[in-house]
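Enquirer: Mind having a look at this structure? Questions to follow.
The values are calculated or read from the model by the stated rules, or taken from the named source; none is laboratory data. Since the model is a prediction, treat every value here as computed from it, not as a measurement. Cβ sites come from the backbone with ideal geometry, for glycine too, and all protein chains shown count toward neighbours.
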Ligand code: MSP
């Protein structure tokens, strides 16, 4: 029987455009949801936008728009970005939607009818930024959360009897130590609640951008009661159809940033207890993404947009970086340098390289079919890889399920490095040259072992990097990774004789210009996709939707490309080392060219223009980041650049001055 699993992100304020701080929470939840789906759990992943309250009303005013217009636009930007990033949410809730409004009013009535709401007058300080009633005294007193000056509020409103829940909450935190994770947050909450709880004002009457209080529409519901309720209104609480609510509630985890712990761990369980509803099973708080040493936020003006990273390195790179680099639960710094460094070391040179070298060798030495390992040729080195892979499967799962993503990934990448070393030490290329039976058996064993370890890392990493791992899976001839049952992952499942697909690089190396490009894009705020729309209805799983196409920057006229588009083409100087004709193909030459850091095989259509011997030693220009393709059974890793006159013979691009190998043309 499959288990149900319900996970939520906070719903994001629409006073500002999304940035990678928001993406961080959503990516973490997406990764967890994907792992649960792979484990066969009936998973529901909710995200959305928080659109009411004074802060949003003022932001709309400042933008010269009505609150509805403004929230429609920014909410659509969040959703468009999540779609572009392929985030697999099952539902997107907006607090301005009718279904949410009905659910909030139903919750209010329930709490009221149970005797936990009364009318009073609030006189004191309020922080509009955090939408928080503050205990501080005197006009302008700083908010304890954000330190901004608070505003004095004097109004009649409704109160919630929060004080009635103090003992129950303390019992909850002590009897269920996992209710709040990590422990540091639990201790903070415990001491806050032990310090005494005062009743909470839960309506406002001096502005109108909110959900009207049932039977008293002069008041709107306090924005945090409104927002927290999204976790149940999205499941149909208070509507005629309670099937989702009955199936998925209580949530298995509410994932939040550490600054909203009090709202989730004190107010929310108290509201639910007052309504007689089950409590979520757990609340996990992560730390902040810092940029230039402080919390990334619009008000500090230090945000980085996800679109920039997605445009230059792809979504998987951002996902991997955030989960590998930041210790989940703690604050972590973001920098473009660290991102590119991680990308190159762990993805381009790590998993990407392991995949392409292993699969290329199987293609070359075994006609693209997974070879049969020989028991007789089995060595301690093979066994060590097998043992490491088995241990990785077990440890990765345990760490991941504790949300220790960076340690889980460290374990999986430990296996990647072990296999790399194993390949270097066992020299399959040398075994291939020997051609005797024993070497052939050894070659088969080494490549089988490498491919099996690659399969295991790929399956484990799929929730973290869905796109690249799906590609590797196809290249391994294993079909659609989404249908793979992760509970069955074990060593030795790679079927002998599996026919590989076409081998292509999944993580092309990024050079230094990647950092500059991203920095420039952020300075100029170019690129990106956020589009404007007004659809507030629930959405089907995003896997069913095609990802939104990247939009060209508006400033670029039709038919032109941006400098960033050009920069994607990696032109480099290379020297021809080997040149020979390709049998049966009049136009093709097989070349080996030296890029200074590596020697590559290319297949070029220049045989009618050049005798192979005349090319040896010649410096040429190649497109170095072209996806590999096969011509006449030979893999071509790049393209040689030539002037190609209509009807005439190609003329190779070359230099009058001497240029070092590998130099980039820009
Ligand atoms: N609307 C409320 C949440 C209501 S949930 C019932 C809110 N919105 S928010 O947009 O300000 O922030 C929401 C979440 O975004 C944070 O809790 C956190 O998960 C994430 N982050 C926003 N900035 C962040 C960083 N700089 N770093 C990490 N996460 C950040 O609070």
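Enquirer: Given the conditions (1) under 21 Å from the mean Cα position of the chain (by Cα); (2) more than 16 Å from residue 400 (Cα to Cα); (3) away from the ligand (no atom under 16 Å from the Cβ); (4) surrounded by fewer than 24 Cβ atoms within 10 Å (Cβ to Cβ), and given that residue 19 satisfies all but one, which numbered condition is not satisfied?
Expert: Exception for residue 19: condition (3).
Enquirer: With 52, 36 as the choices, which residue is modelled with pLDDT of 95 or more, within 12 Å of the ligand (Cβ to nearest atom) and either within 23 Å of residue 128 (Cα to Cα) or surrounded by 23 or more Cβ atoms within 10 Å (Cβ to Cβ) (or both)?
Expert: The match here is 52.
Enquirer: If you check 377, 388, 384, 430, which single one turns out to be in a loop (DSSP other than H, G, I, E, B) and over 20 Å from residue 472 (Cα atoms)?
Expert: 377
Enquirer: Might you check whether a residue that is more than 9 Å from the ligand (Cβ to nearest atom) and modelled with pLDDT of 95 or more occurs anywhere in the range 284-294?
Expert: Taking every residue of the range 284-294 in turn, at least one turns out to be more than 9 Å from the ligand (Cβ to nearest atom) and modelled with pLDDT of 95 or more.
Enquirer: Search the range 230-266 for residues being within 16 Å of the ligand (Cβ to nearest atom) and either over 27 Å from the mean Cα position of the chain (by Cα) or more than 25 Å from residue 23 (Cα to Cα) (or both), and hand back the single one that is surrounded by the most Cβ atoms within 10 Å (Cβ to Cβ).
Expert: 237
Enquirer: While we're on this one: Does residue 304 satisfy the criteria of being over 21 Å from residue 471 (Cα atoms) and in contact (Cβ under 8 Å) with a residue 40 or more places away in the chain?
Expert: Values: over 21 Å from residue 471 (Cα atoms): yes; in contact (Cβ under 8 Å) with a residue 40 or more places away in the chain: yes.
Taking the combined requirement at face value, the residue satisfies it.
Enquirer: Let me ask you something else. Which of the residues belonging to the range 1-49 are under 17 Å from residue 280 (Cβ atoms), assigned to a loop (DSSP other than H, G, I, E, B) and touching a residue at least 40 places away in the same chain (Cβ under 8 Å)?
Expert: 9, 10, 11
Enquirer: Which members of the range 98-147 meet the condition of being within 16 Å of the ligand (Cβ to nearest atom) and surrounded by fewer than 15 Cβ atoms within 10 Å (Cβ to Cβ)?
Expert: Result: 144, 145, 147.
Enquirer: Still on this structure, please answer the following. Tally up the residues in the range 559-607 that are assigned to a loop (DSSP other than H, G, I, E, B) and surrounded by 21 or more Cβ atoms within 10 Å (Cβ to Cβ), please. Working first, answer last.
Expert: Going through the range 559-607, the residues assigned to a loop (DSSP other than H, G, I, E, B) turn out to be 559-562, 568-570, 583-584, 595-598, 605-607.
Narrowing further to those that are surrounded by 21 or more Cβ atoms within 10 Å (Cβ to Cβ): 606.
Residues flagged as assigned to a loop (DSSP other than H, G, I, E, B) and surrounded by 21 or more Cβ atoms within 10 Å (Cβ to Cβ) within the range 559-607 amount to 1.
Enquirer: Determine, yes or no, whether residue 214 is touching a helix residue (DSSP H, G or I) at 6+ places or on another chain (Cβ under 7 Å), surrounded by fewer than 21 Cβ atoms within 10 Å (Cβ to Cβ) and at pLDDT 95 or above.
Expert: Yes; evaluated as a whole, the condition is true for this residue.
Enquirer: Now, a different point. Of (1) more than 20 Å from residue 505 (Cβ to Cβ); (2) touching a helix residue (DSSP H, G or I) at 6+ places or on another chain (Cβ under 7 Å); (3) touching a residue at least 12 places away in the same chain (Cβ under 8 Å); (4) in a helix (DSSP H, G or I), residue 351 satisfies all except one. Which?
Expert: Going through the list (1) more than 20 Å from residue 505 (Cβ to Cβ); (2) touching a helix residue (DSSP H, G or I) at 6+ places or on another chain (Cβ under 7 Å); (3) touching a residue at least 12 places away in the same chain (Cβ under 8 Å); (4) in a helix (DSSP H, G or I), residue 351 breaks only (1).
This table checks each residue for (1) under 29 Å from residue 257 (Cβ atoms); (2) away from the ligand (no atom under 16 Å from the Cβ).
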site: 329; (1), (2): yes, no
site: 335; (1), (2): yes, no
site: 343; (1), (2): yes, yes
site: 355; (1), (2): no, yes
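Enquirer: Can you pull out every residue in the range 273-283 that is within 13 Å of the ligand (Cβ to nearest atom) and over 24 Å from the mean Cα position of the chain (by Cα)?
Expert: If the condition is that a residue be within 13 Å of the ligand (Cβ to nearest atom) and over 24 Å from the mean Cα position of the chain (by Cα), then 280 is the only one that fits.
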